[in-house]
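What follows is one structure encoded as structure tokens, with my remarks underneath.
The values are calculated or read from the model by the stated rules, or taken from the named source; none is laboratory data. Computed from a predicted model, the values in this text were never measured in an experiment. All Cβ positions, glycine included, derive from the backbone under ideal geometry; neighbour counts span all protein chains shown.
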Amino acid sequence: MKYLLVLAVVLAVIWFVRNHRRSDEPKQEPPRQDALAPPQDMVRCPVCSLHLPRADALPGRDGRLYCCADHRLRAED
Ligand SMILES: [Zn+2]
């Protein structure tokens, strides 16, 4: 019976030490994806004044950039 008590105390100490050590580990923050994205050059559609990324804009024959084919047609009529 005495050994059972000693075993229980030893197991409790081991459990306490393992839990304590786990909480002491430095927590790594997950890398933020939005912080790594480079800023995008924005342009304004001359028809509807919508601001959109230059990569998504459609160039017209006059050299201006439009938000969609419909607005490009409307401006070139
Ligand atoms: Zn537009």
**OP:** Among the numbered conditions (1) exposed (fewer than 13 other Cβ atoms within 10 Å of the Cβ); (2) near the ligand (Cβ under 9 Å from one of its atoms); (3) not in a helix (DSSP H, G or I), tell me where Asp62 comes up short.
**Re:** (2)
Original post:
Can you tell me which residues in segment 19-49 are at pLDDT 80 or above, loosely packed, with under 10 Cβ neighbours inside 10 Å and among the charged types (D, E, K, R)?
Top reply: Asp41
**OP:** Name, by its number, the condition in (1) modelled with pLDDT under 80; (2) surrounded by 10 or more Cβ atoms within 10 Å (Cβ to Cβ); (3) within 16 Å of the ligand (Cβ to nearest atom) that does not hold for Asp77.
**Re:** (2)
**OP:** Consider Ala55 carefully, then state whether it is part of a helix (DSSP H, G or I), surrounded by 10 or more Cβ atoms within 10 Å (Cβ to Cβ) and at pLDDT 80 or above.
**Re:** no
**OP:** Only residues in segment 59-72 that are closer than 9 Å to Val47 by Cα count as the first member; pair them with residues that are near the ligand (Cβ under 6 Å from one of its atoms) and among the aliphatic types (A, V, I, L, M), Cβ under 8 angstrom, at least 6 apart or cross-chain, and list the lot.
**Re:** Tyr66/Val47; Cys67/Val47; Cys67/Leu50; His71/Val47
